1. Can you go through A:Leu188, A:Leu243 and tell me which one is among the hydrophobic types (A, V, I, L, M, F, W, C), surrounded by 17 or more Cβ atoms within 10 Å (Cβ to Cβ) and either in a helix (DSSP H, G or I) or touching a strand residue (DSSP E or B) at 6+ places or on another chain (Cβ under 7 Å) (or both)?
2. Kindly establish whether B:Arg91 is in contact with a Gly (Cβ under 9 Å, 6 or more places away or on another chain), in a helix (DSSP H, G or I) and farther than 18 Å from A:Ala376 by Cβ.
3. Taking the conditions exactly as written (surrounded by 15 or more Cβ atoms within 10 Å (Cβ to Cβ), closer than 21 Å to B:Val131 by Cα and in contact with a helix residue (DSSP H, G or I) (Cβ under 7 Å, 6 or more places away or on another chain)), does B:Leu84 satisfy them or not?
4. Among the numbered criteria (1) at the interface with chain A (Cβ under 8 Å from one of its Cβ atoms); (2) at pLDDT below 90, which single criterion is violated by B:Gly117?
5. I need every pair where a residue in region A:199-226 that is free of Cβ contacts under 8 Å to residues at least 60 places away in the same chain has its Cβ under 7 Å from the Cβ of a residue that is of a type in the set (A, V, I, L, M) and not in a helix (DSSP H, G or I), sequence separation at least 6 or different chains.
6. Just one of (1) in contact with a Lys or Arg (Cβ under 7 Å, 6 or more places away or on another chain); (2) crowded, with 18+ Cβ neighbours inside 10 Å; (3) without any contact (Cβ under 8 Å) to a residue 60 or more places away in the chain trips up A:Ala691, so point out which.
7. List the strands (runs of 3 or more DSSP E) that sit entirely inside region A:650-750 and contain at least 2 residues that are under 17 Å from A:Pro557 (Cβ atoms) and of a type outside the set (Lys, Arg).
8. Out of A:Val350, A:Val275, A:Val367, A:Val292, which single residue is crowded, with 19+ Cβ neighbours inside 10 Å and at pLDDT below 85?
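The values are calculated or read from the model by the stated rules, or taken from the named source; none is laboratory data. Note that this is a predicted model, so its numbers are computed, not measured. Here the Cβ is made from the backbone with ideal geometry for all residues, glycine too, and neighbour counts use every protein chain on show.
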Amino acid sequence: MTDARPKPGGQARILLPSAVIVVLAGLWGALARLGYHVPAAATSSADHGVLMSLGFIGTLIAVERATALGRWWSWIAPAASVAGSVWLVLGGAASAGRALLVVAGVVLFVTYVALDRIQRSTHNTLMAVAALGWVVTTAFMVAGRDVARLVPWLAVFLVITITAERLELSRTLGITRTARKLLVGAVLIFLVGATISIWRSQSGVRVGGIGLLAMTLWLVTFDIARRTVRQRGITRFMAAGLLAGYAWLGVGGLLWLVFGYHVDDHVYDAQLHAVFLGFVLSMIFAHAPVIVPTVVRRPLPYRSAFYGPLALLHVSLVLRIVGGDAAGSQAAWQIGGVLNEVALLGFVGVTASTLFLAGRRMPSVHVVARRLRSPAAAGVALGLVVTAVAVVFANSGSSSNADPMSHHDAATGTNTVSGVTAPAGATTTVDISLVEMRIEPSTVIVTSGQKLILHVTNKGHMRHDLKLSSGVRTTLLNPGQSADLDAGVVTKALSGWCTVPGHRAAGMTMNIELASSASKNFTGNAMAGMGNPNSEPSANDAISKDLAAQPSSGWKPYDAMLPPVRGSVHDVTWHVKDVVTTVAPGVTQTLWTFDGTAPGPILHGRVGDTFNVTLVNDTDMAHNLDFHAESGPPSSVMVEVPPGSSHTYTFVADRAGAWLYHCGTEPMLLHMANGMYGALIVDPPDLAPVAKQYVLVGSEFFFGPQGGIGDYAKMAKDLPDTVVFNGYPFAYTFAPLKAEVGDRVRVWVVDAGPSRSLAFHVVGAPFDTLFLDGSYHVKPSDAGGAQTLPVDPGDGGFVEFSFTQPGEYPFLTHVMADAVLGASGTFSVSG
Amino acid sequence: MVSWWSLVRFIHVLSAAVWVGGQLTLSLLFLPLLRNKLPGELRATLSSSIGRRFAFYTMTVFLPVQVASGIGLAIEHHVTWASLAHPGYGRTLLTKLVVFAVVLVLSGVHGWLHSTGRTVQARALAVTSLVGSCVIILLATALAT
């Protein structure tokens, strides 16, 4: 590579700026992959890996080799590589761009063969093998294979090329034949791993990891860097870059060996970037002072400023991989990722400015240098670093700075679809919607052998894409954008997910199932129960074998006791939370709750009291709070609270009653049936004191899949699995409400529904007082009594009664079908 | 609509404007003039007494006003400790608070460096904290949108 032929670097001067365009596009795409909201990054995000490793680094290597060989045709390699990459960036047909990349790989291979014929050497042979890695990668891409499965072959190209260059540079230092053979052995292990990965990704990646570790060991043992790091100036800079790179290669090897094949998660991120940033980029930084002058035919004087980007690269990579991937901090991952980009761009900038300044008269360099060393410049630079870190952190985790008081689009769609059965036929197209944070329908059922096309539309307000386990994927779609995803002929069950980091874990997954196996081969996810009101209840829903079974030992009943009134201003803060709860024997569901329970907390006050209820939304979905006791236009009094925000609802209770409060965000049926309701008790004036006051909130549950949310289809068809008082079937049969003989008992009943009325009745205790619709229908002084308190959904009232003898007195809704489904309990009366 | 809370916000913004504006005016207009027009000894005395006066104002007026009005505004905005971690408003506010703390520390270190005669480093830190102050304003603007 130091063989400088007397030929002007004209081609290089055209190709290198183009490579810079490619790297900018690749980095732009990386921003989108890091979860930032950047415009027009669809293609460059999907092709980020190819653009960076082949379009940018591959082009650099090809330019350098073409310069070394000095034959006109060898320039086809970098030219085709740049052309193919730019074609991909501009959104041209992917197959054409990939085909150009294949051409580039083949020409690079032939270039190596030609170099090897001029001078037979192990390093030239190894580099030719490495170029085959480029050819294999791009050929499989043309055949439609997903890049994630080709990572080992991309690594064959880059890691072996670089390792062989180290061998080349060490040739004057008397590397023994044995050492040479050891390196060939290490490379062979890696090649075996890459070859296995064509058929078996899991074991291939693991064997590849062993190969990477073997190469690391060889490099650390035989490379001169270990000695030269003790020298000064450029030699030391290069050695530092090399040794840091070797450390990352070792880390990468371990990650490959230990975790095997991963895709689109944090392990994948770490596996990839330890090798491709930590090793490859560091090696490129280290070699730049040697390679760049031979390519551009200009001196590149060493400057200590080269250390800046190198140090930033490694520090930010530690932040990204240790803080982000391993410790799970999204902010660390994003900041680290952006700083990775800053490091690369910084290096390009330092190199370019050094080349530029080296061409000027020397004094001007010193003037600029002195300027750069002034305290004001240092202060501004430091200040800009503070600015960058602050802005990146402030913007992390969201696509915009949403004011907590502003109205967001509801995160839920109003027309959600769950299981869709694709009609039989040769080819079917199924509409798929991507919203935060789910994919609808979550299950598509096809007959085996059917050709399936998914018409994917991003109906959310963030960017999303859809990738199937077969490897096909859409580009990153902007809100409102659509794309057709050809799933091909489906012969086995597939899964799908959004590859935007974090979205898969947050629930953006789907399944494509075969008609025959759909019923038994279900892989549940939390959102699978989202249903279209018109669809049939899912066969995957959880079932309670015995609603009246003894609750498990950890179960605690909801406290039915009415809390006393404290003061006339009621300040409370509730957190809206998604809580996985046991809602019936053997059935857990993800309930959406006000402050962790369904029903939510009981509010108790008197007429004229002020209620300040602060809602803090800790979920990924918008919710709101509708107090039936409140008046005013819903849009201003029932303000929607976006995820991560809070709002305080303030109202004065003008009228007495047993009021319902609930979430009124659409689809309201789903939000209510999934747990978002509770009771607000406002005492009428002159309410007589009684011995015991209880609150019973009636409601229905519609079981979705185990651990998931309720089944919307059942809600829409009014097919509850259980009807309950205070959130659990037969709760007070197992934990009876207490009373003593002669006690006056007041029971407040609120019906949260969503759809069933109830007729509250206590067996063996007629009511002498009944308050409903804001007035007394029966009073103790009346001759008549009441037998049921009939409460419609969204309504409430109370009854009073007393027990004359000790014993067990069942209470229930006299809608007997619902009593059997769980809406009953017991008063245990002692003497 | 002008309410009592807008008065608190007004005080918060006005106080910040005086502080950041004061720093900018001193650093960009006044001190360069000082450097060009005054003889060395007088210049050093004057600039360090200006610095001390500004530090005194910061500690006795600016900081108490800013912290008190800031806490008030946070309460009015229903900011909780937990909400500071939330993406969006909370995280932007948290960043602003952290940068504010950093700027105060930097100003302190600047004063110490200056008093111990390390004027070059002191100047660098002065500029850093100046840029940092501008970041605070930027983040405050982001909060208001």
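1. Matching residue, one of A:Leu188, A:Leu243: A:Leu243.
2. Considered against the rule, which asks whether it is in contact with a Gly (Cβ under 9 Å, 6 or more places away or on another chain), in a helix (DSSP H, G or I) and farther than 18 Å from A:Ala376 by Cβ, B:Arg91 comes out as yes.
3. no
4. Of everything listed in (1) at the interface with chain A (Cβ under 8 Å from one of its Cβ atoms); (2) at pLDDT below 90, B:Gly117 misses just condition (1).
5. Taking only residues 6 or more apart or on different chains, the pairs are A:Phe222/A:Ile175.
6. Here A:Ala691 meets the rest and fails (2).
7. Correct list: A:677-683, A:692-701, A:722-725, A:737-740.
8. A:Val292
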